[in-house]
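The values are calculated or read from the model by the stated rules, or taken from the named source; none is laboratory data. Note that the structure is predicted; figures quoted are calculated from it, not measured. Here the Cβ positions follow ideal geometry from the backbone for every residue, glycine too, while neighbour counts run over all protein chains shown.
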Amino acid sequence: MQPYHDLFAEISQCADALALCGDLTNLGKTREAEILAQDLRSCTIPVFGVLGNHDHESGQLQEVVHILQDAGMHFLENQTHELQGVGFAGVKGFGTRMLSAFGEGAIKRFVAEAVDETMRLENALRMIRSERRVVILHYSPITATLAGEAPELFPFLGSSRLAETIDRYEVNAVLHGHAHHGTYSGATARGIPVYNCAQHVVKENGRPYALIEI
């Protein structure tokens with residue numbers, strides 16, 4: 001894995017918080033989490049984030065979470081956080097677009113996962129009392145930030161169900177990863193800005209991270 005020690009130190013000088021949008025490891029292995037944890041200790045600002053699909057690969061999810069929590073990372077799947085008047089909520093999400101739970105059992109399970117993640121996000125947003133809200137996801141809530149990926153992959157890269165919840169709660173900004181060949185920015189139907197922060201997506205500042213003002 002590429003070391004991020006210097007990058008996290010740089011971000012700490014120009015931002016109030018660091019958001020990590022999943023795929024914190026390559027194969028979900030504890031050794032990978034330990035390397036990231038070591039680099040995270042160079043970060044002097046709060047770190048918020050969610051898990052990605054890569055983090056589930058090796059069945060060591062709880063160990064990975066524990067290692068990164070010990071390094072100071074705040075996971076958003078089961079709680080919200082507030083910083084300087086901004087509330088942070090997040091979930092991994094799941095890809096389905098708006099596929100309905102009809103037909104084969106595999107399809108129903110696939111859709112049920114997306115619905116469960118959306119409900120978790122809604123419950124989290126309901127808890128936030130801050131006037132400003134940021135949502136951190138792994139999967140995209142819109143198609144605009146998927147542009148550049150193969151269209152046949154869109155159903156597996158995000159879910160419009162997430163966007164419906166985000167629009168209802170008047171979120172100020174959404175950050176996501178996962179779509180490594182996608183587009184940096186887009187917006188929900190109500191105009192809420194969405195930023196694809198996947199590592200290889202070209203950002204406006206020309207750096208491997210996005211700097212977003214809320």
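Here are the numbers for this structure:
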| item | result |
| --- | --- |
| Residue in the range 170-197 that is surrounded by the fewest Cβ atoms within 10 Å (Cβ to Cβ), counting only those that are over 17 Å from the mean Cα position of the chain (by Cα) and at pLDDT 95 or above | Gly191 |
| Positions within the range 121-131 being over 18 Å from Val50 (Cα atoms) and either polar (S, T, N, Q) or crowded, with 16+ Cβ neighbours inside 10 Å (or both), in sequence order | Ser130 |
| Any chance Val174 is part of a loop (DSSP other than H, G, I, E, B) and free of Cβ contacts under 8 Å to residues at least 60 places away in the same chain | no |
| Filter result for the condition that a residue is at pLDDT 85 or above, assigned to a helix (DSSP H, G or I) and more than 16 Å from the chain's Cα centre (by Cα), over Arg126, Arg109, Arg120 | Arg126 |
| Condition broken by Glu77, with the remaining ones in (1) closer than 27 Å to Ser42 by Cα; (2) modelled with pLDDT of 95 or more; (3) in contact with a strand residue (DSSP E or B) (Cβ under 9 Å, 6 or more places away or on another chain); (4) of a type outside the set (Gly, Ala, Ser) satisfied | (2) |
